[in-house]
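So the structure is just underneath, and the comments pick up after that.
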Amino acid sequence: MRKSSVTILALAVAGLAACSSDVSWEVPEEVANEGTDRIRAQHGTVHGNEGILAFGTRSDSDETNGAVYGGIGVNAYLWRASLETIDFMPLAQADPFGGVIITDWYSPPETPGERFKINVYILDTVLRADGVKVAVFRQTNGTDAGWADAAVDTNTATAIEDNILTRARELRIAAINTQ
């Protein structure tokens, strides 16, 4: 009996591990929202039209800064800009409710003896300069020792954060201009 329970547990874990993180983010926004808006208009939402506010109140400035309630749990512009900025790296995990994006190791073709991993943390629902934090990890491949941790230039994470913020501002400006 115990052996079959262990076998079932192992198969369940293997099944979950086999789930792919290959997510296509190329759905046009108007198509993605079309079905959701139609369903909300017909049936409403579980939490009402205003959603759930844990603290404080919602203001008009929240919506113009990309704050999203009831959708993803972080700033939509920062989330999309983060994914676009690190799209050359394979994703290991992406949690839009917690605001965490973790990449898998990536070796640039120019330098096959080193590899990088990036973690992006979106910290706010408002588009702010301190709303995103990036951690960069680097390893080098020694001849006999295998992969070993190596130092990363402190400006690398800051440069990626700046690229994300710049792209988020561009997305926000484009959204405002289309309204």
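The values are calculated or read from the model by the stated rules, or taken from the named source; none is laboratory data. These numbers were taken from a predicted model, which means no experiment stands behind them. Don't worry about glycine lacking a Cβ; one is built from the backbone with ideal geometry, like all the others, and counts go over all protein chains shown.
Scanning segment 143-179 for residues that are farther than 20 Å from V132 by Cβ, touching a residue at least 12 places away in the same chain (Cβ under 8 Å) and of a type in the set (D, E) yields one hit, D149. Determine the pairs where a residue that is over 28 Å from D149 (Cβ atoms), located within segment 123-136, has a partner that is outside any loop (DSSP other than H, G, I, E, B) and of a type outside the set (A, V, I, L, M, F, W, C) with Cβ atoms under 7 Å apart, the partner being 6 or more residues away or on another chain. Once the first residue is over 28 Å from D149 (Cβ atoms) and sits in segment 123-136, its partners that are outside any loop (DSSP other than H, G, I, E, B) and of a type outside the set (A, V, I, L, M, F, W, C) give V126/D62; L127/Y77; L127/R172. Of all residues in segment 88-111, those satisfying the criterion of being surrounded by 15 or more Cβ atoms within 10 Å (Cβ to Cβ), touching a residue at least 24 places away in the same chain (Cβ under 8 Å) and in contact with a Ser or Thr (Cβ under 8 Å, 6 or more places away or on another chain) are M89, L91, A94. Just one of the numbered conditions (1) surrounded by 17 or more Cβ atoms within 10 Å (Cβ to Cβ); (2) over 20 Å from G73 (Cβ atoms); (3) of a type in the set (S, T, N, Q) is not true of T85: (2).
Taking (1) over 30 Å from T140 (Cβ atoms); (2) more than 10 Å from the chain's Cα centre (by Cα); (3) not in a loop (DSSP other than H, G, I, E, B) in turn, R80 satisfies each apart from (2).
Only a single item in (1) in a loop (DSSP other than H, G, I, E, B); (2) at pLDDT 95 or above is not met by D144, and it is number (2).
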